[in-house]
1. For the chain, what is the mean residue ellipticity at 222 nm derived from helices alone (per DSSP H run of n ≥ 4: -39500 (n - 2.57); sum divided by total residues; nearest 500 deg cm²/dmol)?
2. Once the mean 1/r over all distinct Cα pairs of the range 107-225 is inverted, what Kirkwood radius in angstroms do you read off?
3. Mark the label point 7 Å from the Cα of ASP159 along Cα→Cβ and return the residues of the range 188-223 whose backbone N is within less than 20 Å of it.
4. Need the list of aspartates and glutamates near LYS25 for cross-linking: C-alpha distance under 20 angstrom, and skip anything on the same chain fewer than eight residues off.
5. With r as the distance between the Cβ atoms of GLN188 and GLN40 and R0 = 25 Å, compute the FRET efficiency 1/(1 + (r/R0)^6) and round to 0.05.
6. Probe radius 1.4 Å, ligands and nucleic acids ignored: give me the carbon and sulfur share of the accessible area of the chain as a rounded percent.
7. Go through CYS200, CYS35 and list them by solvent-accessible area, largest first, probe radius 1.4 Å.
8. To the nearest 10 Å², what's GLU31's accessible area with a 1.4 Å probe?
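The values are calculated or read from the model by the stated rules, or taken from the named source; none is laboratory data. These figures come from a predicted structure and were not determined experimentally. A quick note on method: Cβ atoms are made from the backbone with ideal geometry, for glycine too, and the neighbour counts reach across all protein chains shown. Note: areas computed on protein heavy atoms with side chains; ligands, DNA, RNA excluded. Shrake-Rupley method; radii C 1.70, N 1.55, O 1.52, S 1.80 Å.
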Amino acid sequence: MKRDRVYIDPFADMGYAKVDLHRAKRKGFPEVVFCQGKTQEQIIAIAGKIRRANEVVLLTRVSPQIGRALKRKFGRGTYHADARIFHMGKVLKQQGLVSVLTAGTADIPVAEEAAVTAEIMGSRVQRIYDVGVAGVHRLLAFRVEIEKARVLVVVAGMDGVLPSVVSGLFAKPVIAVPTSVGYGLNLQGITPLLTMLNSCSPGIAVVNIDNGFGAGYIASTINRL
(Lines give C-alpha, C1' and ligand atoms only; values in the text may rest on other atoms or scores of the structure.)
Protein backbone atom coordinates (compact mmCIF):
# COMPACT_ATOMS: atom_id res chain seq x y z
CA MET A 1 0.00 0.00 0.00
CA LYS A 2 1.34 3.43 -0.93
CA ARG A 3 2.12 5.52 2.13
CA ASP A 4 0.83 9.08 2.37
CA ARG A 5 3.55 11.69 2.31
CA VAL A 6 3.92 13.55 5.59
CA TYR A 7 4.44 17.28 5.21
CA ILE A 8 6.68 18.75 7.90
CA ASP A 9 6.73 22.49 8.50
CA PRO A 10 10.31 23.84 8.60
CA PHE A 11 11.69 25.08 11.90
CA ALA A 12 15.09 25.96 13.29
CA ASP A 13 16.04 23.70 16.19
CA MET A 14 18.19 25.75 18.57
CA GLY A 15 17.90 23.34 21.48
CA TYR A 16 16.27 25.82 23.87
CA ALA A 17 13.89 26.96 21.11
CA LYS A 18 12.39 25.53 17.94
CA VAL A 19 11.76 28.59 15.84
CA ASP A 20 8.79 28.27 13.50
CA LEU A 21 10.00 29.44 10.07
CA HIS A 22 6.74 28.52 8.31
CA ARG A 23 4.27 30.49 10.40
CA ALA A 24 4.05 33.47 8.07
CA LYS A 25 3.00 31.12 5.24
CA ARG A 26 0.34 29.47 7.42
CA LYS A 27 -0.98 32.47 9.31
CA GLY A 28 0.15 35.55 7.38
CA PHE A 29 2.54 36.78 10.10
CA PRO A 30 5.81 35.37 11.48
CA GLU A 31 6.31 33.86 14.91
CA VAL A 32 6.31 36.54 17.61
CA VAL A 33 8.91 36.36 20.40
CA PHE A 34 7.69 36.60 24.01
CA CYS A 35 10.82 37.88 25.74
CA GLN A 36 9.85 37.64 29.40
CA GLY A 37 11.70 34.75 31.01
CA LYS A 38 14.28 34.41 28.22
CA THR A 39 17.93 35.45 28.49
CA GLN A 40 19.34 38.29 26.41
CA GLU A 41 21.43 35.85 24.40
CA GLN A 42 18.42 33.64 23.65
CA ILE A 43 16.29 36.60 22.57
CA ILE A 44 18.94 37.95 20.20
CA ALA A 45 19.59 34.53 18.67
CA ILE A 46 15.88 33.76 18.16
CA ALA A 47 15.24 37.22 16.68
CA GLY A 48 18.14 36.67 14.27
CA LYS A 49 16.67 33.38 13.05
CA ILE A 50 13.27 34.96 12.43
CA ARG A 51 14.81 38.00 10.76
CA ARG A 52 16.75 35.88 8.24
CA ALA A 53 13.54 34.14 7.14
CA ASN A 54 11.06 37.05 7.24
CA GLU A 55 10.65 40.71 6.40
CA VAL A 56 9.29 41.60 9.83
CA VAL A 57 10.22 40.67 13.40
CA LEU A 58 8.03 41.43 16.42
CA LEU A 59 9.08 40.92 20.03
CA THR A 60 6.85 41.51 23.06
CA ARG A 61 7.45 42.13 26.78
CA VAL A 62 10.78 43.71 25.94
CA SER A 63 12.57 45.51 28.77
CA PRO A 64 14.48 48.74 28.02
CA GLN A 65 17.75 46.84 28.54
CA ILE A 66 16.80 44.17 25.98
CA GLY A 67 15.55 46.87 23.62
CA ARG A 68 18.96 48.57 23.69
CA ALA A 69 20.73 45.24 23.18
CA LEU A 70 18.59 44.43 20.14
CA LYS A 71 19.29 47.86 18.67
CA ARG A 72 23.04 47.40 19.15
CA LYS A 73 23.00 43.93 17.61
CA PHE A 74 20.85 44.56 14.56
CA GLY A 75 21.53 48.26 14.02
CA ARG A 76 17.91 49.07 13.36
CA GLY A 77 14.45 48.57 14.75
CA THR A 78 12.04 50.53 16.91
CA TYR A 79 11.47 50.14 20.62
CA HIS A 80 7.95 51.11 21.70
CA ALA A 81 8.53 51.79 25.38
CA ASP A 82 4.89 52.08 26.51
CA ALA A 83 3.97 48.85 24.71
CA ARG A 84 7.22 47.04 25.62
CA ILE A 85 7.48 45.97 21.98
CA PHE A 86 10.51 45.87 19.70
CA HIS A 87 9.91 45.75 15.95
CA MET A 88 12.24 45.28 12.99
CA GLY A 89 11.45 45.38 9.30
CA LYS A 90 8.44 46.54 7.40
CA VAL A 91 4.99 47.39 8.70
CA LEU A 92 2.25 45.76 6.67
CA LYS A 93 0.12 48.14 4.62
CA GLN A 94 -2.44 49.58 6.99
CA GLN A 95 -6.12 49.16 6.21
CA GLY A 96 -9.51 49.21 7.89
CA LEU A 97 -9.75 50.61 11.41
CA VAL A 98 -9.33 49.19 14.91
CA SER A 99 -10.35 51.33 17.88
CA VAL A 100 -8.50 50.73 21.13
CA LEU A 101 -10.29 52.08 24.20
CA THR A 102 -9.25 52.14 27.84
CA ALA A 103 -11.25 52.64 30.99
CA GLY A 104 -8.42 54.55 32.65
CA THR A 105 -5.01 56.06 32.06
CA ALA A 106 -3.37 53.27 34.06
CA ASP A 107 -4.60 50.76 31.44
CA ILE A 108 -2.63 52.44 28.64
CA PRO A 109 0.47 50.17 28.69
CA VAL A 110 -1.69 47.11 27.95
CA ALA A 111 -3.68 49.09 25.39
CA GLU A 112 -0.48 50.22 23.67
CA GLU A 113 0.66 46.61 23.38
CA ALA A 114 -2.60 45.91 21.54
CA ALA A 115 -2.46 49.05 19.40
CA VAL A 116 1.18 48.69 18.29
CA THR A 117 0.67 44.99 17.52
CA ALA A 118 -2.34 45.76 15.34
CA GLU A 119 -0.48 48.55 13.53
CA ILE A 120 2.54 46.39 12.75
CA MET A 121 0.21 43.65 11.49
CA GLY A 122 -1.37 46.05 9.01
CA SER A 123 -4.31 47.71 10.73
CA ARG A 124 -5.04 51.40 11.05
CA VAL A 125 -5.57 52.16 14.75
CA GLN A 126 -7.27 54.96 16.64
CA ARG A 127 -6.69 55.33 20.37
CA ILE A 128 -9.42 56.57 22.70
CA TYR A 129 -8.13 56.49 26.25
CA ASP A 130 -9.63 57.17 29.70
CA VAL A 131 -13.33 56.77 28.85
CA GLY A 132 -14.39 54.51 31.73
CA VAL A 133 -17.84 54.11 33.23
CA ALA A 134 -17.19 56.51 36.12
CA GLY A 135 -17.76 59.21 33.50
CA VAL A 136 -19.60 57.46 30.67
CA HIS A 137 -20.32 60.77 28.93
CA ARG A 138 -16.65 60.72 27.88
CA LEU A 139 -17.26 57.52 25.94
CA LEU A 140 -20.40 58.91 24.29
CA ALA A 141 -18.48 61.98 23.15
CA PHE A 142 -16.49 59.67 20.80
CA ARG A 143 -19.41 57.61 19.44
CA VAL A 144 -19.00 58.93 15.86
CA GLU A 145 -15.32 57.94 15.80
CA ILE A 146 -16.03 54.54 17.36
CA GLU A 147 -18.74 53.77 14.81
CA LYS A 148 -16.14 54.03 12.02
CA ALA A 149 -14.07 51.14 13.40
CA ARG A 150 -14.43 47.53 12.28
CA VAL A 151 -13.22 46.05 15.58
CA LEU A 152 -13.07 47.42 19.12
CA VAL A 153 -10.43 46.50 21.69
CA VAL A 154 -11.61 47.54 25.15
CA VAL A 155 -9.09 47.50 27.98
CA ALA A 156 -10.20 47.81 31.60
CA GLY A 157 -9.07 47.03 35.12
CA MET A 158 -10.91 47.80 38.37
CA ASP A 159 -14.46 46.38 37.94
CA GLY A 160 -13.98 45.64 34.21
CA VAL A 161 -17.42 46.90 33.18
CA LEU A 162 -16.46 49.03 30.16
CA PRO A 163 -16.50 46.23 27.50
CA SER A 164 -20.12 45.37 28.39
CA VAL A 165 -21.15 49.01 28.06
CA VAL A 166 -19.34 49.36 24.73
CA SER A 167 -20.80 46.13 23.36
CA GLY A 168 -24.28 47.29 24.31
CA LEU A 169 -23.85 50.56 22.41
CA PHE A 170 -22.01 49.55 19.23
CA ALA A 171 -22.63 46.82 16.63
CA LYS A 172 -18.94 45.88 16.39
CA PRO A 173 -17.03 42.85 17.63
CA VAL A 174 -15.51 43.69 21.02
CA ILE A 175 -12.27 42.15 22.26
CA ALA A 176 -12.17 42.67 26.01
CA VAL A 177 -8.85 42.87 27.84
CA PRO A 178 -8.86 42.70 31.65
CA THR A 179 -5.91 44.36 33.34
CA SER A 180 -4.29 43.90 36.71
CA VAL A 181 -4.91 47.57 37.53
CA GLY A 182 -6.96 48.15 40.68
CA TYR A 183 -7.23 47.94 44.45
CA GLY A 184 -7.26 44.82 46.67
CA LEU A 185 -10.21 42.80 45.35
CA ASN A 186 -9.22 43.50 41.79
CA LEU A 187 -7.19 40.37 42.57
CA GLN A 188 -4.51 41.24 40.00
CA GLY A 189 -7.04 41.23 37.17
CA ILE A 190 -9.20 38.25 38.13
CA THR A 191 -12.17 40.46 39.07
CA PRO A 192 -12.39 42.28 35.69
CA LEU A 193 -11.71 38.97 33.91
CA LEU A 194 -14.75 37.38 35.61
CA THR A 195 -16.87 40.45 34.91
CA MET A 196 -16.04 40.28 31.21
CA LEU A 197 -16.59 36.53 30.99
CA ASN A 198 -20.00 36.95 32.64
CA SER A 199 -21.13 39.85 30.46
CA CYS A 200 -24.76 39.71 29.36
CA SER A 201 -24.00 41.85 26.30
CA PRO A 202 -23.43 39.65 23.20
CA GLY A 203 -20.50 40.13 20.85
CA ILE A 204 -17.66 40.10 23.38
CA ALA A 205 -14.58 37.86 23.25
CA VAL A 206 -12.19 37.95 26.22
CA VAL A 207 -8.42 37.47 26.26
CA ASN A 208 -6.20 36.80 29.25
CA ILE A 209 -5.24 39.34 31.91
CA ASP A 210 -2.91 42.06 30.56
CA ASN A 211 -2.74 40.28 27.17
CA GLY A 212 -2.64 43.32 24.91
CA PHE A 213 -0.66 41.42 22.29
CA GLY A 214 -3.33 38.73 21.97
CA ALA A 215 -6.06 41.33 21.63
CA GLY A 216 -4.15 43.30 18.98
CA TYR A 217 -3.41 40.13 17.00
CA ILE A 218 -7.04 39.00 16.97
CA ALA A 219 -8.31 42.51 16.21
CA SER A 220 -5.98 42.90 13.24
CA THR A 221 -6.88 39.45 11.93
CA ILE A 222 -10.60 40.33 12.02
CA ASN A 223 -10.00 43.81 10.60
CA ARG A 224 -8.09 42.43 7.61
CA LEU A 225 -10.62 39.73 6.65
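1. So the helix-based figure for the chain works out to -10000 deg cm²/dmol.
2. When all Cα pairs of the range 107-225 are included, the Kirkwood radius is 13.9 Å.
3. Flagged as within label range: 188-202, 204.
4. Result set, ordered by chain and number: ASP9, ASP13, GLU55, GLU119.
5. In this case the efficiency is close to 0.35.
6. 55
7. Correct descending sequence by accessible area is CYS200, CYS35.
8. We get 40 Å² for GLU31.
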